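Reading through the structure tokens given below for one structure.
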Amino acid sequence: AAKTTKARFRRYAVELDDRADEEARLGAEMRAALDAGRFTLVYQPIVSLPDGEIRYVESLIRWDKRSPAEFIPVAERNGLIVELGEWILRTACAQFVAWQAAYGEDAPERISVNVSARQLAEPGFAWVVADALAANGMAPGHLIVEVTETAVFGGGVAVRAVKELHELGVKIALDDFGTGHSSLGLLQTVPVDVLKVDKSFVDNLALAGRHAVIATALIQVADGLGLTAVAEGVETAEQALSLYELGYRLAQGYHFGRPVPEPAFRGIGAAAR
Ligand code: C2E
Ligand code: CA
Ligand code: CA
Ligand code: CA
């Protein structure tokens, strides 16, 4: 028995080693990709209901065919997210300003950028944001910083960073709202402007079961606190209609548009140019 235990341990140690190697390799590839300018941003429309007009866009990172859900956590663990995150912020702000210049009234009102826990915990993060705005001549109110509940749950530095951003005039969105352990409690400690209601509540809405009850409760919380609610992951016309009937006025999802390098900002102005 002792021998098999030992053997099992050895196999486990080898697996851990393999995983560490794999992660180190991915980390090195990301470093090279950042230096070579191989990361890009795509932008997904956030539209008003029921007309489907683009109001905001969310920026999402892309790197070849890889999923950000796979490589962002690696960048968080090895710290590269700090530099990568700064690139994301500056690129998104520059793109937003370019769209404003090109489309005027037809440009989106705001752009949102995902910010990870590690970035928020970095001292002086609010200054990095302020600098990205100033460098592009962009008013703070046009930027939405999306943070997750887990990123701000620990309190401390992250919450202070969010407060500083909010004082600058940057809008704060709570991402994946409703999926964490303390969604409602956080609203008392963190200044929030936008609640992004998680896709899981939007799925199966038409079944009028538990999902609909929670989606209703969440829009009531948002309305009651004077916050803007965005329903995430809307894939069908039925979901969009149900959300509208429940009181949602902003939505995001494949039904309205996938993340792309350049969403179609329609309107007479755009066509004339
Ligand atoms: P998230 O912030 O919750 O972003 C929403 C994800 O859902 C995106 O996946 C988006 O493409 C996808 N999505 C949008 N509409 C639909 C829909 O109707 N149906 C389905 N099934 N999916 C939809 P993506 O781009 O693969 O990003 C995954 C996650 O990676 C993001 O989740 C976010 O946590 C992280 N991420 C992406 N870009 C960045 C970034 O620039 N910085 C940071 N820190 N994290 C990022
Ligand atoms: Ca997000
Ligand atoms: Ca989300
Ligand atoms: Ca998510």
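The values are calculated or read from the model by the stated rules, or taken from the named source; none is laboratory data. As the structure is a prediction and not an experimental result, all values here were calculated from the model. Please note: Cβ atoms are built from the backbone with ideal geometry, for glycine as well, and neighbour counts cover all protein chains shown. SASA here: full protein model, heavy atoms, side chains in, ligands and nucleic acids out. Shrake-Rupley method; radii C 1.70, N 1.55, O 1.52, S 1.80 Å.
Enter the angle in degrees (range 0 to 90, nearest 10) between the Cα long axis of helix 80-103 and the first principal axis of the Cα atoms of the chain, meaning the one along which they spread out most.
Its long axis makes an angle of about 20 degrees.
Where only protein heavy atoms count, and the probe is 1.4 Å, what is the accessible area per residue for the chain in Å²?
On the way: 13970 Å² over 273 residues.
With all protein chains present, the chain gives 51 Å² per residue.
Using Cα positions and a limit of under 17 Å, work out the aspartates and glutamates in reach of K171, with same-chain residues fewer than 8 apart set aside.
E58, E109, D131, E146, E149, D193, D223
If R₀ is 25 angstrom, what is the calculated FRET efficiency for the pair S200 and T150, using the beta carbon separation as r and rounding to 0.05? Intermediate values should be presented prior to the final figure.
On the way: r = 16 Å, r/R0 = 0.62.
E(calc), rounded to 0.05, equals 0.95.
Taking only Cα atoms, what is the 0 to 90° angle, nearest 10, from helix 2-35's long axis to the longest principal axis of the chain?
40
Taking all protein chains as present, what is the carbon and sulfur share of the accessible area of segment 1-128, in % to the nearest whole number, probe 1.4 Å? Display every interim value, and only then the final one.
Numbers: 3780 of 6990 Å².
Here carbon and sulfur together make up 54 percent of the probe-accessible area.
Which percent of the accessible heavy-atom area of segment 135-273 goes to carbon and sulfur, probe 1.4 angstrom?
Details: 3790 of 6790 Å².
Accessible surface attributable to carbon and sulfur in segment 135-273 totals 56 percent.
Determine the distance separating the Cα centre of segment 68-86 from the Cα centre of segment 208-260; give it in Å without decimals.
29
Expressed in nm to one decimal, what extension gain is obtained for the pair I214 and R160 from 0.36 nm per residue of sequence separation less their Cα-Cα distance? Write out the running numbers ahead of the final one.
Values: separation 54, 0.36 × 54 = 19.44 nm, distance 2.97 nm.
Full extension from I214 to R160 adds 16.5 nm.
Once the Cβ-Cβ distance between S67 and H181 is put in as r, and R0 is 30 Å, what FRET efficiency do you end up with, to the nearest 0.05? Don't skip to the answer; put the middle values down first.
Working: r = 25 Å, r/R0 = 0.83.
Taking R0 as 30 Å, the efficiency between S67 and H181 is 0.75.
Can you give me the distance in nm between label points at R19 and D51, each placed 7 Å from the Cα along the Cα-to-Cβ direction?
5.1
Within segment 16-41, what residues put their amide N at less than 19 Å from the label point 7 Å along the Cα-to-Cβ vector of A94?
Label zone hits: 31-41.
Would you mind checking which residues have amide H under 5 Å from L49's amide H? H placed 1.01 Å from N; only 5 or more apart, or other chain.
L250, A251
Once phi is turned into θ = phi - 60°, what whole-Hz ³J(HN,Hα) does the Karplus curve with 6.51, -1.76 and 1.60 give for every residue of segment 181-190, x standing for Gly and Pro?
After applying 6.51 cos²θ - 1.76 cosθ + 1.60, I find 8, 9, 3, 6, x, 4, 5, 8, 10, 10 Hz.
For segment 75-144, take every pair of Cα atoms, bin their distances at 10 Å starting from 0, and report each bin as a whole percent.
20, 51, 23, 6, 0
Round to a whole angstrom and tell me the spacing of the C-alpha centers of segment 98-154 and segment 156-205.
14
From Cα pairs below 8 angstrom and at least 6 apart in sequence, can you work out the relative contact order of the chain, rounded to a whole percent? Don't jump to the answer; show the numbers that get you there.
Numbers: 427 pairs, mean separation 52.5, N = 273.
Worked out over the chain, it gives 19 percent.
Note down the nm distance, to one decimal, between modelled labels 7 Å out along Cα→Cβ at D223 and at T189.
Each label point lies 7 Å from its Cα, and together they span 2.9 nm.
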